[in-house]
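The values are calculated or read from the model by the stated rules, or taken from the named source; none is laboratory data. In this text the structure is predicted, and so the values were computed from the model without any measurement. Heavy atoms of the whole protein, side chains included, go into the accessibility calculation; ligands, DNA and RNA do not. Shrake-Rupley method; radii C 1.70, N 1.55, O 1.52, S 1.80 Å.
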Amino acid sequence: MEKKDKDIALFVAFCIEEYGASKGMAGEQVLDLFSQYGVIDYLSNCFEPLHT
């Protein structure tokens, strides 16, 4: 896995965990919700401006 791909995966995982913590949801629930609404694709595609 390339460094950028790893950075994106870590960023998405961070977003999932933080959202879950703030809403009292399990990571799997957040993953399902994010997948349903395309949030994971958005976070991955917009990684550069979002993580800075």
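Rolling a 1.4 angstrom probe over the protein heavy atoms with all chains in place gives the chain an accessible area of 75 Å² per residue.
Secondary-structure-derived ellipticity at 222 nm for the chain, considering helices only, amounts to -25500 deg cm²/dmol, per-run term -39500 (n - 2.57) for DSSP H runs with n ≥ 4. Values of log10 I(q)/I(0) for the chain across q = 0.28 Å⁻¹ run -1.10, by the Debye formula with one identical scatterer at each alpha carbon and no solvent. Between the Cα long axis of helix 3-23 and the first principal axis of the chain there is an angle of about 20°, rounded to the nearest 10.
In the chain, the longest principal axis of the Cα atoms and the axis of helix 27-37 are about 70 degrees apart.
Could you please state how large a percent of the accessible area of the chain is carbon and sulfur, counting protein chains only and using a 1.4 Å probe? Within the chain, the accessible surface is 55 percent carbon and sulfur.
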